[in-house]
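Single-structure report; data block below.
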Amino acid sequence: MFSVEVDGPVLSPRSPVYGAGEAFFRARADRAVDRRYAFHSIGAVVDGEFDYAARGGRVTAGRGAVIFGTGAEDFRVWIHGARRVHRSVIAVDPTLVAEVTADCGLDDERFPSEVLPPSRATLSIYGLIRRITASPADQTEAVIRLLAAAFTTRAVRYRSEIDQGARRRVNEVVRDLQLRYAEAHTLEQMAAAANLSRYHFIRVFQSLTDETPRQHLIGIRLRAAADRLIETREPITQLALHVGFNDISHFNTAFRQAFGMSPRAWRRAAAVRMRAL
């Protein structure tokens, strides 16, 4: 039986080498919850925000982040606010992990990164996780691709010279974009919210996210679109407008570049029973 955590909920076995499903949890921000991974596990944060610590230091993981956990490794979580955290999760058999690491020429079976923050660069990983967990069919080939990406993708390293006050204010803007991604956000508005000049705002923003504010906002909208394509029957044109794309041609092009297929093909590939909003 597959599970993400020792004594945790059992995941649906999709093949002999992995299990997948949706996971939810709550915890207090002022109290750490200690857990241990049962299997090598990969999760995409669909909703909520929490702090996470394993081998490295404590980091914040919010909507769109990707979490990597090595089997038998201890970790700790703290939640932000009262809202529960929703993750799409995959647990993988050790034999498949060993096979992929060997094929990648690696001696260490530990994941090199623990958390990948949401960005255009990690959209394909987020999307792959969502597709695998949404499909009741055997997606072993996709899981192998996911593992290969997990062992070869490195986390963004934040630059330490950024002023802590500026870092905090820009992080607040980033969180606001996560919540209000469908609205229009100008550079002037975002910089003013962070109490920074446009130039300094862009510099701090790129240091924290490894992309420009516009790139980051488009990535958030694309993740929201990918989720809604799986979870709803909403017409694609209407869906694109609802997540903030006013140009349907741009939406289709950006989606294909991020996920390797059109929105219509993405919805078909998920192969799930659509749920009403």
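Just so you know, all these numbers are worked out from the coordinates, no wet-lab data involved. As the structure is a prediction and not an experimental result, all values here were calculated from the model. Cβ atoms come from the backbone with ideal geometry, glycine included; neighbour counts cover every protein chain shown.
For this structure, a couple of remarks:
- Taken over the Cα atoms of segment 1-137, the convex hull encloses 107 Å³ per residue.
- For segment 27-98, the alpha-carbon coordinates run over 38, 21, 16 Å along the three principal axes, in decreasing order.
- Cα radius of gyration and Dmax for segment 164-209 (Å): 9.7, 28
- With the convex hull drawn around the C-alpha atoms of segment 138-266, the volume per residue stands at 125 Å³.
- When the Cα convex hull of segment 216-270 is projected onto planes of every orientation, the mean area is 3.2 nm².
- When all alpha carbon pairs of segment 93-174 are counted in 10 Å bins from zero, the resulting P(r) reads 14, 38, 28, 15, 5 %.
- Computed P(r) (all Cα pairs; the chain; 10 Å bins; percent): 7, 29, 35, 23, 6, 0
- Computed from label points 7 Å out along Cα-Cβ, the spacing between residue 102 and residue 241 is 5.5 nm.
- Per-pair calculated FRET efficiency, R0 = 45 Å: residue 148 and residue 184 via Cβ, rounded to 0.05: 0.75
- Normalised by the number of residues in segment 216-270, the average gap of Cα pairs under 8 Å and 6 or more apart makes the relative contact order 35 percent.
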